[in-house]
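The values are calculated or read from the model by the stated rules, or taken from the named source; none is laboratory data. Worth saying up front: this structure is predicted, and the values here are computed from it rather than measured. As a convention, Cβ positions derive from the backbone with ideal geometry for all residues, glycine included, and neighbour counts pool all protein chains shown. Areas reflect the complete protein model, heavy atoms only, side chains present, ligands, DNA and RNA absent. Shrake-Rupley method; radii C 1.70, N 1.55, O 1.52, S 1.80 Å.
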Amino acid sequence: MTDKGLPFRGALCFNRQNGVREVITEFEECSRNLMFQQNLRALRRRFKNLGEMVEQLRQSRTSSVLLSPSRNGPLTAAVRCGERDIHVHSAYDPTIEARRWVDSALQESREFAVVLGVGLGYHLEQLLEREPRLKIVAIEPSPELFLAALTARDLRALLTHPRLQLIVSDDPEIAAERLLASHGILLLHEPNFLRWPAVERYSPGFAARLWERALALFRSSRSNLRTQQVFFQAWAENPILNLEVAYNDPGIATLLNVFRGRPGIIVAAGPSLERNVSLLNEVKGKAVVIAAGSAIKPLIHRGIQPDLIVSFDAGVGNYRHFQDLRLPDVPLVYIPIIYPRIVSEYAGPRFVASCAGLPFVNWLLQHAVPPKGSLEIGPSVANVSWDLASQMGLSPVILMGQDLAYTGMKSHAEGAAHARNIAPDEVNSDRYFKVTSVDGGQVLTDRAMFNMKLWFETRLKAPSAPTTIDATEGGALIAGTIVMSFREAINQYCWDRFDPLPTILKIHDTHKIKHNANSWSNLRESLIELSESLRAAEQIAVSALRAGAELRRESQTRRLSLQRHEEATIRLQRLLRELSNNRAYSVVLASVTAHVLESLTLFVQERWKREQLLYRKGMELAQQYTLYFSSIRDAARRINGLVRDWLELPPTSQEL
């Protein structure tokens, strides 16, 4: 053995003769290490995916991690980076180092912290001991170091600690996505962001890329929140208005894997579409051409007819893409949140889809037989079209007009309903910023387009994602795509004729649905129950608003006592629990009012915590009553009115 320590190649055992830890030569001997096995069992109980990762990682016979005793005894570690050994913990005493780090790191008390660096766990143990209310998400950028820690120390208490969550990945973007996916709400509460000092040395640049990606995803979630705030009412109302049509139309499940291994082309309306749109005539019958709704008029203007059109936008602005459109042989794929006039006036065949991100749509379509199939909701129609192409088995999926940027200072291709030019004096506004372009330069984009780009990049990392080619020939670079010209894509992939449109039309005709009386009867019964539940939710909200008004009066006159404040808090919690058990709340009201609840989380509750005067705390609590429960009351009334109107309609012809 050397003074440097031992390379971690497998299990460690204790040698009583020399008092140091030694490496078992064959990695398979790791299974004999009792400490490792105990840690692994604890890990699997709480973090099943991490347990699987450790099992895979221990098949490797090489490692860059060195383990050795510190001068005071506790084990320390170092990571081999090139020709250097980077110490993860103190070579003198890791426990003393951990205590000192906690002293300096915790400048003020918080209830949530993100810690970059797990190491051998000394500092995490100190944090949890010192802060009894602190919830921690610890991110380790070196899977090999994490594996070594499981073998080096008894970490069962740490791994099973209820206030600790773990993320282990050497990819900062994946780590950021997992952080936001699991702890997005907690991140809104001004958490501590703490970094173990050695991380930047053994994983240089990881922290910067992690925070950059997390910030981008966080901004994306806030932007999605604003979109939801605008459209949430429509997302609840339109499905009811579209309900009868949606029940009768075939679902996208009938298209599952129909064109496996065939090329597909998704046409969006980005400004670069003007460069290569004329080439689409060459691929007719040799690829499935899917047009996002905004691209249909630019295509029709040039005499190009797609094989499918996809649309789902709930707002009236979406109607502009379809107004006066007559395409009797081109099927429309839609989600029932779509603006109702588009569906009712569309002259061609239609396929309907449910959506995992829209619980009310899923609930409404639960009685449909056979199941309709589901698409993943995304920031843009092109995102959803990509998911459709993937489910149809198309590969490669070729993107056109997918600039996701203001190429040439234009928002859309000529002929698109929302096309406009960006004025020079707009460029320096906070709305716009630059990203890497497909040619390696810089191109102007905005937050909405950036969210669409992030959506693609996240899904393209999945092993099951189809090969995706960016043949836009302009705009922002989408990581994970293969960039080539549309001409190159045609020559390489679109050479075999298989005429997809007749196949799609035949599938539609074969699966036209005629519901029997029992199916419609089940739907009506469910809607009657929903109506009753909506009425109950409205009554809960009215009771809460009365309590809030009383609390506000007492606070305004400064007559609020501590006992009354506590009673009001308990009552609010009771009403919230009662509401959460309401069927209509889980089905539709929770999503319709999510933006209000999020706003309370972001602003009102933080102010309430900081207020020192009791009457001001009472005012903030009353504001929570008013803001949230008034939105519940109004949404319940509006949706219930639509449900009652639907139930009073004459029986549908399919029932007769």
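Entry remark, segment 80-104: residues being of a type in the set (G, A, S), under 20 Å from S203 (Cβ atoms) and open to solvent by 20 Å² or more (accessible area, probe 1.4 Å) number 3 in total.
Going through (1) part of a helix (DSSP H, G or I); (2) exposed (fewer than 14 other Cβ atoms within 10 Å of the Cβ); (3) at pLDDT 85 or above one by one, E28 falls short only on (3). From the list S561, S555, S485, S519, the one residue that fits, being of a type in the set (S, T, N, Q), out of contact with any Ser or Thr (no Cβ under 9 Å at 6 or more places or on another chain) and under 30 Å from N640 (Cβ atoms), is S519. Among the numbered conditions (1) open to solvent by less than 10 Å² (accessible area, probe 1.4 Å); (2) in a loop (DSSP other than H, G, I, E, B), the only one that L454 does not meet is (2). When you look at L460, is it touching a residue at least 12 places away in the same chain (Cβ under 8 Å) and in contact with a strand residue (DSSP E or B) (Cβ under 8 Å, 6 or more places away or on another chain), yes or no? Yes.
Being of a type outside the set (D, E, K, R) and modelled with pLDDT of 90 or more is true for just one of A105, A77. Which residue is that? Break it down stepwise before answering.
Working: A105 fails: modelled with pLDDT of 90 or more.
Exactly one residue qualifies, and that residue is A77.
Which residue is nearest to G441 (Cα to Cα), if the candidates are limited to segment 458-498 and must be open to solvent by less than 20 Å² (accessible area, probe 1.4 Å) and outside any loop (DSSP other than H, G, I, E, B)? Ranking the qualifying residues of segment 458-498, first place goes to A476. Would you check if there is a residue in segment 221-238 being of a type outside the set (D, E, K, R), crowded, with 19+ Cβ neighbours inside 10 Å and at pLDDT 80 or above? Checked segment 221-238: at least one residue is of a type outside the set (D, E, K, R), crowded, with 19+ Cβ neighbours inside 10 Å and at pLDDT 80 or above.
In segment 123-146, the residue that is farthest from A176 (Cα to Cα) out of those that are touching a residue at least 40 places away in the same chain (Cβ under 8 Å) and open to solvent by 10 Å² or more (accessible area, probe 1.4 Å) is E144.
Given the structure, is P162 at pLDDT 80 or above and in a loop (DSSP other than H, G, I, E, B)? Answer is yes for this residue.
Of all residues in segment 79-97, exactly one satisfies the criterion of being among the aliphatic types (A, V, I, L, M), over 35 Å from the mean Cα position of the chain (by Cα) and under 15 Å from G117 (Cα atoms), namely I86. Within segment 440-451, identify whether any single residue is at pLDDT below 95, assigned to a strand (DSSP E or B), of a type in the set (A, V, I, L, M) and open to solvent by 10 Å² or more (accessible area, probe 1.4 Å), and answer yes or no. Within segment 440-451 (the criterion being at pLDDT below 95, assigned to a strand (DSSP E or B), of a type in the set (A, V, I, L, M) and open to solvent by 10 Å² or more (accessible area, probe 1.4 Å)), the answer is yes, since at least one residue qualifies. The set of residues from segment 457-482 being under 13 Å from D403 (Cβ atoms), touching a Leu at 6+ places or on another chain (Cβ under 8 Å) and of a type outside the set (S, T, Y) comprises D470, A471, G475, A476, I478. If you go through segment 308-321 and keep only what is in a loop (DSSP other than H, G, I, E, B) and open to solvent by less than 20 Å² (accessible area, probe 1.4 Å), you end up with F312, A314, G315. Across segment 254-275, the qualifying residues are those that are modelled with pLDDT under 95 and out of contact with any Gly (no Cβ under 6 Å at 6 or more places or on another chain), and the one among them that is most open to solvent (accessible area, probe 1.4 Å) is R275. Checking each residue in segment 276-302 for being in a loop (DSSP other than H, G, I, E, B) and open to solvent by 60 Å² or more (accessible area, probe 1.4 Å) picks out only R302. Screening segment 322-438 for strands (runs of 3 or more DSSP E) wholly inside it with 1 or more residues that are touching a residue at least 12 places away in the same chain (Cβ under 8 Å), surrounded by 24 or more Cβ atoms within 10 Å (Cβ to Cβ) and not aromatic (F, W, Y) returns the ranges 332-334, 350-352, 397-400.
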